[in-house]
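For reference, the structure discussed in these notes is given below.
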Amino acid sequence: MTQTDDIPEGFTLLDPLGPFHELVGPLYGMERDDRTVVGMRVDEKHRNKGSYMHGGMFLMLADTSMTLAGIARRPADKGIVTASLTSDFIGPAAPGDWIEAETEVIRAGKSVLFMAGLVRQGGTSGKILMRYSATFQVVPTIR
């Protein structure tokens with residue numbers, strides 16, 4: 001079961017972005033300076049066959065942080081989709097760890113957004129677990 005009584009100050013519970021996020025959540029968000037941060041408490045359900053968090057969960061956390069950052073900076077009448085995502089896994093996360101994906105928007109154009117960030121254990125001064133960058137395509141909103 002995920003611990004929710006020890007979420008770091010400043011984070012608020014995020015509404016799930018869809019059924020997938022309902023399965024993997026809860027997720028928490030905040031803005032830190034000009035960056036979008038999404039955090040989570042690693043739970044048993046996030047583990048791979050070994051003792052650590054599955055790499056796909058790292059990618060979900062980074063992609064969610066970039067999506068929220070991009071939504072805030074896209075043209076109001078448009079949507080965004082991940083066009084490419086590059087990552088480097090540097091260290092593991094285990095159940096009980098608090099981890100954060102902090103995203104910076106490098107450039108927000110009319111048709112493309114460029115973003116990059118880090119996943120850290122325990123916040124801004126914590127151990128770097130993954131670095132990532134992505135390109136998001138601006139697309140017509142589906143109605």
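Some notes on this structure:
- Leading residue by the ranking (modelled with the lowest pLDDT) among those in segment 87-113 that are farther than 28 Å from P8 by Cα and outside any loop (DSSP other than H, G, I, E, B): A108
- Just one of the listed residues (G79, G126, G117) is modelled with pLDDT of 95 or more and touching a strand residue (DSSP E or B) at 6+ places or on another chain (Cβ under 6 Å), namely G117.
- Residue that is farthest from R73 (Cα to Cα), among those in segment 119-134 that are of a type in the set (A, V, I, L, M) and touching a helix residue (DSSP H, G or I) at 6+ places or on another chain (Cβ under 9 Å): L129
Listed here are the residues, each with its yes/no results for (1) crowded, with 17+ Cβ neighbours inside 10 Å; (2) closer than 24 Å to M115 by Cβ.
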residue: G10; (1), (2): no, yes
residue: P16; (1), (2): no, yes
residue: D34; (1), (2): no, yes
residue: H46; (1), (2): yes, yes
residue: G50; (1), (2): no, no
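- Every test in (1) in contact (Cβ under 8 Å) with a residue 40 or more places away in the chain; (2) open to solvent by 70 Å² or more (accessible area, probe 1.4 Å); (3) assigned to a helix (DSSP H, G or I) is passed by L23 save one, and that test is (1).
- Being within 24 Å of S125 (Cα to Cα) and within 12 Å of the chain's Cα centre (by Cα) holds for only one residue in G91, G56, and it is G56.
- Complete set of residues in segment 92-105 that are surrounded by 13 or more Cβ atoms within 10 Å (Cβ to Cβ) and either over 18 Å from V139 (Cα atoms) or of a type in the set (D, E) (or both): P92, A93, A94, P95, D97, W98, I99, E100, A101, E102, T103, E104
- Any hit, segment 103-115, residues being touching a residue at least 60 places away in the same chain (Cβ under 8 Å) and closer than 25 Å to E44 by Cα: no
- Only listed residue being outside any strand (DSSP E or B), of a type in the set (S, T, Y) and surrounded by fewer than 16 Cβ atoms within 10 Å (Cβ to Cβ), chosen from T64, T124: T124
The values are calculated or read from the model by the stated rules, or taken from the named source; none is laboratory data. This one's a predicted model, so the numbers in the text were calculated from it and none came from an experiment. Backbone-built Cβ (ideal geometry, glycine too); neighbour counts: all protein chains shown. Areas reflect the complete protein model, heavy atoms only, side chains present, ligands, DNA and RNA absent. Shrake-Rupley method; radii C 1.70, N 1.55, O 1.52, S 1.80 Å.
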